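**Q** Quick one: the structure is below, and I'll ask about it shortly.
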Amino acid sequence: MIRRAIRRNPDAIIAVTGCYAQTSPAEVAAIPGVDIVVGTQDRDKLLPLIDQFRAERQPINAVRNIMKTREFEEMDVPEFSDRTRAFLKIQEGCNNFCTFCIIPWSRGLLRSRKPDSVLAQAKQLVDSGYQEIVLTGIHTGGYGEDLEGYSLARLLWDLDKVDGLKRIRISSIEASQITDEVLDVLQGSDKMCRHFHVPLQAGNDQVLKRMRRKYTTAEFGHKIERIHRIMPEAAITTDVIVGFPGETEEMFLSGYRFMEEMRFAEMHVFPYSKRTGTPAARMEDQVDEEVKNHRVHKLIKLSERMQLEYARPFVGKVLEVIPERAYKEAPDSGLYTGYTDNYLQVVFQGSEDMIGQLVKVKITEAGVNECKGHFVRVLTRDQQAVT
Ligand code: SF4
């Protein structure tokens, strides 16, 4: 991509930024035509760096040691191309050092955005018309671990008080971060979406230990059970890595059974792939690619079955949907798609003016990646306030 950018834009100043630039700055700087290298910090300095390059015409390597960075880099993102859901980044980095993951090395250690700044950005997004805010980060559930007297749960309560905000979704949270305080918010706030993405990564305790994950399958299962007790219809989605070094067929099968028990609403399945510099990349008992592919397919099939099983009980029910766009498969058919708070994608006959509004839709058919529904009515502002 970098070489193509250089080839296609022979007169442009080429600046490379992001994780690859952070972990391999010399390699990136050595690509003929690269003028500026910035890592995962100091991205707000890109414009002054471009000015500097214009004046001096000398290559600039501005990558700093990310492990020394303790401040969250504020980057205001007031608008998104999609007008229905706004993504609000609340933290950066991770302290976990799972053995397969390069992220702490490319993104640095955990640092949280200041609560005032998160709340100000949330209010700004709501004022510009967004009804749903998705809290994002590298290790989103770790928000607040570096703050004195403040936590993810307190942030959620503060966001709950933001007038006009209808839905709060956490993009991802680790099982170990689902604390009693977070569970209290789920119980007490009606803005929290009934959808939690809780990365499992492996369904076998030996594999989890070698991955250096911070929970056992029993602890994971206990947290999920507690969510279901508070929100019986909550969708729990997850990530799974297949074919981690040392994963035997027996371990895989025990993991498969555990995932089945968890009744996930969807699983994102990835074959293990080495990340240079991580402990897992140096483990000797790497799993054969063919075995990995076979296991990936098995889990994708399981995910599709569970997706359908999760969606079926909603047939006949009326759910709230925020329509996002015309249906891609048939853009002129009058069909629109959007998500329910429990993350079912619903296709229904609607109209352009519904986009971004909260509407009621009756589910008529369950599907693997999308359900079908009938539009019932648009909720007025007053009705939205009491739902
Ligand atoms: S997998 Fe997640 S928790 Fe583990 S090191 Fe990477 S970012 Fe951190």
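The values are calculated or read from the model by the stated rules, or taken from the named source; none is laboratory data. The model shown is predicted, which means the values in this text are computed figures rather than measured ones. Methodologically, a virtual Cβ is constructed for each residue, glycine included, from the backbone with ideal geometry; neighbour enumeration extends over all protein chains shown.
**Q** Residue by residue through segment 255-270, note down the ones that are buried (at least 16 other Cβ atoms within 10 Å of the Cβ) and not hydrophobic (A, V, I, L, M, F, W, C).
**A** Gly255, Tyr256, Glu266
**Q** Applying the selection to segment 346-364, what residues are in a loop (DSSP other than H, G, I, E, B) and loosely packed, with under 15 Cβ neighbours inside 10 Å?
**A** If the condition is that a residue be in a loop (DSSP other than H, G, I, E, B) and loosely packed, with under 15 Cβ neighbours inside 10 Å, then Ser351 is the only one that fits.
**Q** Considering segment 304-336 alone, what residues qualify as being surrounded by 20 or more Cβ atoms within 10 Å (Cβ to Cβ) and hydroxyl-bearing (Ser, Thr, Tyr)?
**A** Tyr310, Tyr336
**Q** Considering Leu135, Leu159, Leu147, Leu88, which residue is surrounded by 16 or more Cβ atoms within 10 Å (Cβ to Cβ), assigned to a helix (DSSP H, G or I) and more than 10 Å from the ligand (Cβ to nearest atom)?
**A** The match here is Leu159.
**Q** With the condition being β-branched (Val, Ile, Thr), I'd like the helices (runs of 4 or more DSSP H) fully within segment 1-65 carrying at least 2 qualifying residues.
**A** Counting at least 2 such residues, we get 2-8.
**Q** For segment 182-217, what are the residues that are closer than 22 Å to Phe100 by Cβ, more than 16 Å from the ligand (Cβ to nearest atom) and assigned to a helix (DSSP H, G or I)?
**A** Within segment 182-217, Asp205, Gln206, Thr217 meet the criteria.
**Q** Looking at segment 208-262 only, could you name the residues that are of a type in the set (Asp, Glu) and closer than 24 Å to Ala281 by Cα?
**A** Matches in segment 208-262: Asp239, Glu247, Glu249, Glu250.
**Q** Turning to a different aspect of this structure: For the list (1) at pLDDT below 95; (2) closer than 23 Å to Asp163 by Cα, I need the number of the one condition that Ala330 fails.
**A** (2)
**Q** So, in segment 32-76, exactly how many residues are aliphatic (A, V, I, L, M), surrounded by 12 or more Cβ atoms within 10 Å (Cβ to Cβ) and free of Cβ contacts under 8 Å to residues at least 40 places away in the same chain?
**A** 9
**Q** Could you please give the count of residues in segment 225-238 that are without any contact (Cβ under 8 Å) to a residue 60 or more places away in the chain and within 18 Å of the chain's Cα centre (by Cα)?
**A** The number of residues fulfilling the criteria is 2.
**Q** Give segment 91-125 a look and list any residue that's buried (at least 18 other Cβ atoms within 10 Å of the Cβ), of a type in the set (A, V, I, L, M, F, W, C) and away from the ligand (no atom under 16 Å from the Cβ), or say none.
**A** Across segment 91-125, the qualifying residues are Val118, Ala122, Leu125.
**Q** Follow-up. How many residues does segment 74-102 hold that are touching a strand residue (DSSP E or B) at 6+ places or on another chain (Cβ under 7 Å), charged (D, E, K, R) and closer than 21 Å to Ala120 by Cβ?
**A** Number of matching residues: 3.
**Q** Among the candidates Tyr343, Tyr336, single out the residue that is over 21 Å from Ser172 (Cα atoms) and of a type in the set (Phe, Trp, Tyr).
**A** Tyr336
**Q** Please return the ranges of strands (runs of 3 or more DSSP E) entirely within segment 263-345 where 1 or more residues are among the aromatic types (Phe, Trp, Tyr).
**A** Correct list: 266-271, 335-340.
**Q** How many residues, within segment 124-169, are closer than 16 Å to Thr84 by Cα and touching a helix residue (DSSP H, G or I) at 6+ places or on another chain (Cβ under 7 Å)?
**A** Counting residues in segment 124-169 that are closer than 16 Å to Thr84 by Cα and touching a helix residue (DSSP H, G or I) at 6+ places or on another chain (Cβ under 7 Å) gives 5.
**Q** Quick one: would you say Arg229 is within 16 Å of Asn342 (Cα to Cα) and more than 15 Å from the ligand (Cβ to nearest atom)?
**A** Yes; evaluated as a whole, the condition is true for this residue.
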